[in-house]
1. Please state which of the following conditions residue 157 fails to meet, knowing it meets all the rest: (1) within 30 Å of residue 91 (Cβ to Cβ); (2) at pLDDT below 80; (3) touching a helix residue (DSSP H, G or I) at 6+ places or on another chain (Cβ under 6 Å).
2. Identify, from the list 38, 83, 104, 73, the residue that is open to solvent by 60 Å² or more (accessible area, probe 1.4 Å), part of a helix (DSSP H, G or I) and at pLDDT below 75.
3. Quick one: count up the residues across the range 115-133 that are open to solvent by 40 Å² or more (accessible area, probe 1.4 Å) and either of a type in the set (D, E, K, R) or in contact (Cβ under 8 Å) with a residue 60 or more places away in the chain (or both).
4. Which of the numbered conditions does residue 62 fail, given that it passes all the others? Conditions: (1) free of Cβ contacts under 8 Å to residues at least 60 places away in the same chain; (2) closer than 23 Å to residue 183 by Cα; (3) of a type in the set (Asp, Glu).
5. For the range 171-187, give me each residue that is over 15 Å from residue 114 (Cβ atoms), touching a strand residue (DSSP E or B) at 6+ places or on another chain (Cβ under 8 Å), without any contact (Cβ under 8 Å) to a residue 60 or more places away in the chain and of a type outside the set (Lys, Arg).
6. May I ask you to list the residues in the range 79-103 that are farther than 22 Å from residue 190 by Cα and either small (Gly, Ala, Ser) or in contact (Cβ under 8 Å) with a residue 24 or more places away in the chain (or both)?
7. Name the residue, out of 129, 76, that is over 23 Å from residue 195 (Cα atoms), out of contact with any strand residue (DSSP E or B) (no Cβ under 8 Å at 6 or more places or on another chain) and among the β-branched types (Val, Ile, Thr).
Amino acid sequence: MPLKAFHFENVGQAYLDRVRAEAARLVAEARKEADRIRAQAAEEGRKAALEAAQAALRPRLEQQLTDATAAMRQAVQGILHARHAWQQHWQQHAVDLALAMARRICRSELKSRPEITAQWVREALALVVGHGQILVRLHPQDHATLADAVHHLAAELAGLGGVQIVPDAQIEPGGCRIETQFGSLDQQLEAQLGRLREELLD
């Protein structure tokens with residue numbers, strides 16, 4: 001008895017639908033898995049590339065940070081130095097201006113008030129009490145007007161030895177210089193202003 005030809009039409013429609021659905025599901029899952037694998041590989045590759053780039057850049061960044069820190073430290077030192085120099089400059093300027101004003105005022109006062117010179121001589125003589133022979137140098141004009149007053153001052157101060165008063169054109173008007181065997185004391189205006197400037201700027 002001859003065999004009948006096999007036809008797909010003989011297969012039940014429901015069975016074919018299940019087969020097609022299963023095949024479609026398997027294909028979809030395969031595609032989904034393939035997409036996941038590709039995404040994972042891409043992410044891992046991106047992370048690996050990022051880590052490699054970070055590893056390569058880290059030494060350069062650390063060096064740049066070190067250089068930047070050193071530059072900042074140097075800049076801060078420069079600013080501090082400039083600030084200190086600026087303060088010194090203006091402090092000296094202020095002191096010099098004040099001394100210039102004091103110089104003008106004192107010279108004007110010395111011309112009209114010779115007793116100031118006498119007071120400076122008194123202060124100087126008080127400092128050299130007990131130093132033996134004393135030489136007082138005055139400007140010739142002051143010597144002419146103050147010699148007697150200086151002798152009187154010397155007599156008032158106990159402990160002074162012989163006091164000699166001489167005119168000296170090298171002495172500024174209004175000033176004096178006291179000389180002893182142990183040294184000298186300059187009471188001229190410029191010398192006093194110089195000592196004051198040193199004290200103010202010390």
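The values are calculated or read from the model by the stated rules, or taken from the named source; none is laboratory data. This is a predicted model, so every value here is computed, not measured. So basically every Cβ, Gly included, is an ideal-geometry build from the backbone, and we count neighbours across all protein chains shown. Protein only, heavy atoms only, side chains kept; ligands, DNA and RNA dropped before computing areas. Shrake-Rupley method; radii C 1.70, N 1.55, O 1.52, S 1.80 Å.
1. Failing condition for residue 157: (1).
2. Of the residues listed, the single one that is open to solvent by 60 Å² or more (accessible area, probe 1.4 Å), part of a helix (DSSP H, G or I) and at pLDDT below 75 is 38.
3. 3
4. Just one mismatch for residue 62, condition (2).
5. Across the range 171-187, the qualifying residues are 178, 179, 180, 184, 186.
6. 82, 85
7. Working: 129 fails: over 23 Å from residue 195 (Cα atoms).
Selected residue: 76, the only one of 129, 76 that is over 23 Å from residue 195 (Cα atoms), out of contact with any strand residue (DSSP E or B) (no Cβ under 8 Å at 6 or more places or on another chain) and among the β-branched types (Val, Ile, Thr).
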